[in-house]
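One structure is given here, and the rest of the page talks about it.
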Amino acid sequence: MITCREFVDFMMQYLDAELPADERAEFERHVSDCPPCGIYLEQYRDTVTLGKAVCRDPEGPVPEEVPEDLVSAILAARGGSD
Amino acid sequence: MDLQPAAAIAPEDEPKLLEALRAGDGEAYERLVRSYGGRMLAVTRRLLRDEEEARDAVQDAFLSAFRSIDRFEGQSRLSTWLHRIAVNAALMKLRSKKRKPETSIEDLLPGFIEDGHMAEPPEAPWREGADALLARGETREWVRRRIDDLPESHRTVLLLRDIEELDTAEVAKLLDLSPGAVKTRLHRARQALRSLLDPDLQGEGA
Ligand SMILES: [Zn+2]
């Protein structure tokens with residue numbers, strides 16, 4: 001039986017499907033026997049989802065436009081470096 | 001002047017654009033800057049959190065791209081290549097910035113007692129899951145602020161892996177770390193972010 005500390009250490013590898021089959025089974029046995037670790041895993045998973053969603057905002061489109069003065073500055077700097 | 005935002009460049013148009021860039025065609029350079037500059041600026045803003053530095057980094061990135069355009073071999077998309085260059089330019093700026101003393105990541109990680117149990121195990125699930133939270137407009141801004149509260153070295157790894165979607169090997173190379181160290185930092189950064197989000201997500205369901 002793995003400890004809660006080991007469970008937490010292995011979480012990322014578990015979610016990335018990087019654990020070998022026997023360790024994976026141990027990990028899953030731990031979640032079913034230890035409710036706090038089950039809650040922790042769920043919160044960790046939600047955290048990853050939230051973090052990844054930060055820049056994918058369907059409401060506000062990613063700013064695709066470059067400020068005009070920056071365009072000029074870049075093109076001028078290119079000319080200057082030739 | 002054309003006020004329409006520059007159209008994205010289709011993959012099949014890249015070879016022609018590259019040819020024009022290599023020939024020193026000024027319009028091609030302008031098209032490159034207008035097509036990709038906005039996305040690159042979004043990247044450097046996220047990493048640097050300072051408008052002026054973010055713009056400087058985009059300029060540095062383009063100048064470095066212009067210098068190496070002859071060496072771009074088309075194994076990746078132009079957009080992917082420029083994204084990497086923008087990340088790199090932002091990281092150079094981050095490195096040269098005077099670092100403020102970092103808060104310790106340890107304080108944001110779960111503690112364990114001697115027998116391996118958590119010192120303060122979570123007592124209840126969060127009152128809302130990620131999907132319900134993301135349905136609300138203010139969630140992204142709130143998460144962004146909590147990410148900004150992470151110690152810099154961990155914030156950077158979280159941004160590069162989970163948000164800029166670079167792989168472990170690329171991040172390791174950019175930050176001069178071993179792949180194992182990148183994985184450890186990412187795992188710790190996510191756990192720390194969980195701790196930072198936790199106080200606002202306790203209690204009864206909305
Ligand atoms: Zn446990």
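One table, with the values for the structure above:
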quantity	calculated
Check on A:Val8, open to solvent by 20 Å² or more (accessible area, probe 1.4 Å), within 9 Å of the ligand (Cβ to nearest atom) and in a helix (DSSP H, G or I)	no
Residue that is least open to solvent (accessible area, probe 1.4 Å), among those in the range A:11-24 that are away from the ligand (no atom under 12 Å from the Cβ) and within 15 Å of B:Gln191 (Cα to Cα)	A:Met12
Some residue of the range B:30-50 being among the acidic types (Asp, Glu) and more than 10 Å from chain A (Cβ to nearest Cβ)	yes
Residue match in the range A:25-42 (condition: at pLDDT 95 or above and more than 16 Å from the ligand (Cβ to nearest atom))	no
Check on B:Phe112, within 16 Å of the ligand (Cβ to nearest atom) and touching a Lys or Arg at 6+ places or on another chain (Cβ under 9 Å)	yes
Residues satisfying the stated conditions in the range B:12-52, i.e. assigned to a loop (DSSP other than H, G, I, E, B) and either under 19 Å from B:Arg67 (Cβ atoms) or hydrophobic (A, V, I, L, M, F, W, C) (or both)	B:Ala23, B:Gly24, B:Asp25
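Each row is one residue, and each column tells you yes or no for (1) open to solvent by less than 30 Å² (accessible area, probe 1.4 Å); (2) within 12 Å of chain A (Cβ to nearest Cβ); (3) closer than 22 Å to B:Lys93 by Cβ; (4) touching a Ser or Thr at 6+ places or on another chain (Cβ under 9 Å).
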{"residue": "B:Ala135", "(1), (2), (3), (4)": "no, yes, no, no"}
{"residue": "B:Leu150", "(1), (2), (3), (4)": "yes, yes, yes, yes"}
{"residue": "B:Leu158", "(1), (2), (3), (4)": "yes, yes, yes, no"}
{"residue": "B:Thr168", "(1), (2), (3), (4)": "yes, yes, no, no"}
{"residue": "B:Lys183", "(1), (2), (3), (4)": "no, yes, no, yes"}
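The values are calculated or read from the model by the stated rules, or taken from the named source; none is laboratory data. Remember, it's a predicted structure, so these values are computed and weren't measured experimentally. Please note: Cβ atoms are built from the backbone with ideal geometry, for glycine as well, and neighbour counts cover all protein chains shown. Ligands, DNA and RNA are excluded from the accessible area calculation, which covers all protein heavy atoms including side chains. Shrake-Rupley method; radii C 1.70, N 1.55, O 1.52, S 1.80 Å.
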